[in-house]
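Contents: one structure, followed by commentary.
The values are calculated or read from the model by the stated rules, or taken from the named source; none is laboratory data. This is a predicted model, so every value here is computed, not measured. Cβ: placed from backbone, ideal geometry, glycine included. Neighbour counts: every protein chain shown. The protein model used for the area step is the full one, side chains on, heavy atoms only, and it has no ligands, DNA or RNA in it. Shrake-Rupley method; radii C 1.70, N 1.55, O 1.52, S 1.80 Å.
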Amino acid sequence: MYYIQTSFKNNKKEKSDKMGYLAQRKKHIRTDFILKSLIVLLGLFSLIAFAENAPGQFFNQWRFQFYLLSLAVTLYALASRFFLYSFLALLLMLLNFFVVSSSVPVLFSGGSVQKTAPLSFVYQRQTSSLLDVFETTAGRQAAVLAVVNPLLGGGKAAGLMPKDYHLAGNVENGSFMVTSEKPLGAGRINLGGHNTAAFAAIEIKGRKYVFLSLDLSRQTSAEREQALGYVNNFVASQDDPVIIFGDFGIPAWAPAFGRFLDSSGLEVKNDLFSLLRNIVFPPTWYITGYRNLEFDGSRRLSRRDNRFAPVLFRLKF
């Protein structure tokens with residue numbers, strides 16, 4: 001009787017060990033398949049992104065997401081003890097990191113300006129409620145408000161202006177700016193079609209700066225490159241430092257954006273983690289300026305009655 005019970009227990013233990021081995025084996029095969037598929041797809045998409053054709057442009061805009069996914073795959077492969085896959089994912093991560101970081105700060109964008117208090121700026125596109133965005137600007141004590149392609153005309157803007165703020169240039173039928181200091185100059189440049197970019201010049205710490213806001217998110221590739229040419233000509237015509245901010249419609253590492261940065265001498269100042277949406281969507285919102293300009297942070301505010309949320313960002317001069 002004792003022998004029968006012992007034999008039964010041993011058989012049960014062997015069966016349990018066998019089931020545990022099979023479960024581990026299935027898990028190993030499943031992990032191997034997942035890692036192998038992710039690495040092959042990431043490698044394929046990363047290589048296609050180098051092409052100048054339409055598929056290449058599509059995949060190129062997702063390079064930052066490829067970088068983040070490659071980082072996750074590297075850590076997952078290490079944790080699962082798939083060291084070869086971890087090494088391959090690391091190579092893909094470095095490839096996409098170097099492409100992205102050649103044009104835009106990835107992790108941080110701090111500079112050497114330490115004791116200067118930052119100034120706040122507000123960017124609002126396609127607003128349908130001037131009162132809301134004016135109240136937001138005044139509440140944040142922003143130095144400049146850029147209203148880009150408003151859905152409503154700015155004819156009533158003067159009656160809604162916050163105290164101690166100034167309208168910069170013509171507010172009718174297009175983009176315009178509002179400044180906390182009396183503007184030294186203002187106007188618009190045509191970006192093609194009905195799209196315009198407003199600019200305003202103000203004095204900051206005894207020096208004149210020109211601010212230009214734009215929205216190229218709804219333009220085609222050809223229209224966008226033409227618009228960037230107009231903006232580049234504007235930058236070249238100015239004797240004072242120019243700071244450009246807005247939605248460029250393409251990532252900073254896109255060839256057209258790269259040509260614009262090379263010809264204008266400007267640099268992207270905001271890092272890719274400055275807006276959380278960049279983790280999920282291709283980053284297209286940038287601040288560009290010269291080397292001595294320091295980015296101090298940005299975030300999206302409540303959109304209130306507007307279709308798009310305003311972007312608040314801070315700069316040090």
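Relative contact order (percent) for the chain, with alpha-carbon contacts under 8 angstrom and 6 or more residues of separation? Can you show the working numbers first?
Numbers: 562 pairs, mean separation 54.5, N = 317.
Rounded, it is 17 percent for the chain.
Rounded to a whole number, what % of the accessible area of the chain do carbon and sulfur atoms account for, probe 1.4 Å?
On the way: 9760 of 16810 Å².
The nonpolar share, carbon plus sulfur, comes to 58 percent.
Please give the residues of the range 62-80, grouped as numeric ranges, whose backbone N is less than 14 Å from a label point set 7 Å along the Cα-to-Cβ vector of Phe87.
Within reach of a label on Phe87, which here means backbone N under 14 Å from a point 7 Å along Cα→Cβ, the range 62-80 contributes 78.
Tell me which aspartates and glutamates have Cα within less than 19 Å of Lys205's Cα, excluding those fewer than 8 residues away on the same chain?
Asp164, Glu181, Asp239, Asp240, Glu294, Asp296
Asn278: net charge of surrounding residues, Cβ under 14 Å, Lys/Arg +1, Asp/Glu -1, itself excluded? It would help to have the intermediate numbers written out before the result.
Working: positive: Arg63, Arg277, Arg299, Arg300; negative: Asp247, Asp271.
Summing Lys/Arg as +1 and Asp/Glu as -1 gives +2.
Would you please put 217-225, 66-74 in order of how densely packed they are, using the mean number of other Cβ atoms within 10 angstrom per residue and starting with the highest?
Numbers: 217-225: 15.4, 66-74: 20.3.
Packing proxy ranking, top to bottom: 66-74, 217-225.
Which of the aspartates and glutamates could be linked to Lys36 by a straight reach, that is with a Cα gap under 18 Å, when you skip same-chain ones fewer than 8 residues away?
Leaving aside aspartates and glutamates fewer than 8 places away in the same chain, none come within reach of Lys36.
Mean residue ellipticity at 222 nm from the helices of the chain, using -39,500 (n - 2.57) per DSSP H segment of n ≥ 4 over the full residue count, to the nearest 500 deg cm²/dmol?
Numbers: 8 runs with 131 residues, N = 317.
My calculation for the chain gives -14000 deg cm²/dmol from helical runs alone.
At 1.4 Å probe size, what's the solvent-accessible area of His28? Round to the nearest 10 Å².
Approximately 90 Å² for this residue.
I'd like the FRET efficiency for Asn53 and Asp164, computed as 1/(1 + (r/R0)^6) with the beta carbon distance as r and R0 of 51 Å, rounded to 0.05.
Working: r = 52 Å, r/R0 = 1.02.
Between Asn53 and Asp164 the formula returns 0.45.
(i) 5, 26, 36, 25, 7, 0; (ii) 5, 23, 27, 18, 10, 6, 4, 3, 2, 1, 0; (iii) 5, 20, 20, 16, 15, 11, 7, 4, 2, 1, 0: which one is P(r) over Cα pairs in 10 Å bins from 0, in percent as calculated from this entry?
Identified label for the calculated read-out: (ii).
Using DSSP, restrict attention to beta bridges with both residues in the range 169-317 and report what percent are antiparallel, rounded to the nearest 5. Let's see the in-between values first.
On the way: 25 of 31 bridges.
Here the share of antiparallel DSSP bridges comes out near 80 percent.
How would you rank 76-88, 136-148, 282-294, highest first, on the average number of other Cβ atoms within 10 Å across their residues?
Details: 76-88: 15.9, 136-148: 22.0, 282-294: 19.4.
Those peptides, ordered most packed to least, come out 136-148, 282-294, 76-88.
Just need the relative contact order of the range 167-317 here, percent rounded to a whole number, with Cα pairs under 8 Å and 6+ apart.
On the way: 264 pairs, mean separation 22.8, N = 151.
Relative contact order comes out at 15 percent.
Please identify the helices of the chain, taking whole runs of DSSP H, that span at least 15 Å along their own axis as judged from the Cα atoms and have a mean Kyte-Doolittle score of 1.0 or higher.
Working: long enough: 2-48 (69 Å, -0.25); 63-79 (24 Å, 1.30); 83-101 (26 Å, 2.29); 221-237 (24 Å, -0.29).
Qualifying helices, which must be both long enough and hydrophobic enough, are 63-79, 83-101.
Rounded to the nearest 5, what % of DSSP beta bridges with both residues in the chain are antiparallel?
The antiparallel fraction comes to roughly 75 percent.
Per residue, how large is the accessible surface of the range 178-226? Use a 1.4 angstrom probe and give square angstrom.
Numbers: 2390 Å² over 49 residues.
Each residue of the range 178-226 exposes 49 Å² on average to a 1.4 Å probe.
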